[in-house]
Amino acid sequence: MFNFTFISKKNLLGFLNKTNSLLTSIFNNLQFSNLKRLTKLFFIDKRVIITLIIIFFSVFVHLSTPAFYKDSWVKEIVKTQFEKKFEFKVEFSDKLNYAIFPIPHFRFKDVRFVSNGRELASIDSLKVYLTFSKFLDKNKMNIQNISLNNAKFNFYKKDLKNLMTFLNEEINKKKITIFNSKIFLKNDKHDIFSIVSIDKSDSFYDSVELVNKLNVNGEIFNNSFKLNLKNNFFEKKYNFDLTFNELNKKFINYVNFINDEKIGIFSYLDSRKKYDTSYILKNNILEFHSDEKVDDNFLYSGIINLSPFSSKININLKKISLTKALNNDSYFIETIKSNVLKNENLNFNVNIKSKNISDHRKLKNLDLNINYENETLNFNQSNLLFEDILSIRIVDSEFKNSKKKQYFIGEFEFLIKDYSSLYSFFQTKKEFRKEISSINLVLKYDFLRNNLSFERIKIDDQYFENIQRVIREFNQENKSLKNRIDLKFFFNSIIEEL
């Protein structure tokens, strides 16, 4: 049965203190000269006092009515109203009580939300606040607001489509508030890949503004955030505002989806600048581009097919640092080493172009292709110019990533336009300066051992045994090419064997 708690210790002490103050004031005024006037006042106002007493007990009885309902009936009415609105089942334990203060509500302990045999949420405490006007007629009693505390939600990729109802229809008129809870983001193998902590979350349909609202204060990746969503599905407009206060970052998204296509502007703000991205989403195809341009090209643009997933993204930069980008500890290298891209359903091509290389004045016109297809990462058909002396092209490449192996192997083609300038740059001795037009080499870099090795080298499509001997010695001695001097020595040792 119910644990009926209609008043708390704190409220009782407050009531006694106020009563004590009132009585003290009355007795202080009970002087003989005032006694006759007070007695007369009592008889005149006793009807008011009686009326107030009747109102108090009527309200008390009215609010206490739900305490006498059967547990099974309460669970059934709450369960029915929940499952009518939401597409999941509710499972209650036997732990249930009713309280009047501060607002009349039922409190359920150890509640579970279940869908297709899968647990969506386990909730330590669920409070259901009732409509005041329906207490005496239990068959018309409705849930007004809902509060969840210390809940654990399991969220999978396939659950994403359920969130899209936020865009298309009126969500719960009943305000749902969540306190001190966690959302576990899981993959299809039930592995947790991220956890979102929720301090407080409110979701409801605002009948005044005629919009769906979702407000969340929480934490992800050890960074607190504030999320506000508004959706007016009558005017087909949607606003998204996400702020990371500690990082001083903010994301804003505005969408107009009055037609079949969704047209929007996505903005990223930090302490220094604002970046705007315009996009169109239609038939599972997303096209986007930046508002900022480099020369006559968008800073970034692309097209993404959401089903099946594939993408092509173009990035145009004023300059780029190859040293920072290809450093073993760089964000780019750490990303491809982390296996976060490993997904059989993921296919993409990212093309990065930059006319200038900030860390070497002779290098220019970088055209880098980052390709991922069939769980294989490569950089094929990437190009780079070394002034007007030669061009560098990656013919074939592959990045291998496993627990025991983590390496890049690639075939590079150097097409030499001015061999005399090339020899001058490397300070090759004049007696070894033979005319050459191409160099083809295959190299391997082991990230786990931080080791560079050469598989083969061809010059003008010819093998030279002496050159193969040079690269075998290089590999055996675990030499490196850390600077221009190392590269100069290695290049000249190859040329001298022609």
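Observations
- With θ taken as phi - 60° and the Karplus curve 6.51 cos²θ - 1.76 cosθ + 1.60 applied, the whole-hertz 3J(HN,Hα) list for the range 261-274 is 8, 9, 10, x, 10, 10, 10, 10, 10, 10, 5, 10, 8, 10 Hz, x standing for glycine and proline.
- With 0.36 nm allotted per residue and the present C-alpha distance subtracted, the Asn327-Asn259 stretch has 19.8 nm of extension available.
- Most tightly packed first, judged by the mean number of other beta-carbon atoms within 10 Å of their residues, the peptides 447-455, 187-195 read 447-455, 187-195.
- Neighbourhood net charge (13 Å Cβ-Cβ; Lys/Arg +1, Asp/Glu -1) for Asp418: 0
- Cβ-defined net charge surrounding Leu317, 13 Å radius [Lys, Arg +1; Asp, Glu -1]: +4
- Globularity index of the range 240-330, i.e. its alpha-carbon radius of gyration over 2.2 N^0.38 Å: 1.28
- Maximal additional length on extending the Ser307-Asn116 stretch stands at 66.3 nm, based on 0.36 nm per residue less the C-alpha distance.
- Computed label-point distance, nm, for sites Asn150 and Lys237 using a 7 Å Cα→Cβ extension: 4.3 nm
- Pairwise Cα inverse-distance average, inverted: Kirkwood Rh of the range 322-495 (Å): 17.5 Å
- The length gained on full extension between Glu473 and Arg449, counted as 0.36 nm times the residue separation minus their Cα-Cα distance, comes to 6.8 nm.
- Over the range 322-495, relative contact order from alpha-carbon pairs under 8 Å, at least 6 apart, %: 12 percent
- Centre separation in Å (Cα based) which lies between the range 236-289 and the range 192-223: 18 Å
- The 3J(HN,Hα) values that the Karplus relation (6.51, -1.76, 1.60; θ = phi - 60°) gives for the range 428-440 are, in residue order, 6, 4, 4, 5, 9, 7, 8, 6, 9, 10, 7, 10, 10 Hz. Gly and Pro appear as x.
- Applied to the range 111-125, the Karplus parametrisation 6.51 cos²θ - 1.76 cosθ + 1.60 on θ = phi - 60° returns per-residue 3J(HN,Hα) values of 9, 10, 9, 10, 9, 6, x, 10, 6, 7, 7, 10, 10, 5, 9 Hz, with x for Gly and Pro.
- With neighbours defined as other Cβ atoms within 10 Å of a residue's Cβ, the residues His360, His289 order from fewest to most as His360, His289.
- Pairs exceeding 19 Å between alpha-carbon atoms, taken from Lys353/Lys405; Lys337/Lys404; Lys79/Lys174; Lys175/Lys200: Lys353/Lys405.
- Between Asn223 and Ser421, the FRET efficiency estimated from the beta carbon spacing at R0 = 56 angstrom works out to 0.65.
Values quoted throughout were computed directly from the atomic coordinates according to the rules given, and no laboratory measurement underlies them. Please read these numbers as outputs of a predicted model, since none were measured by experiment. Glycine also receives a Cβ, built like all others from the backbone with ideal geometry; neighbour counts cover every protein chain displayed.
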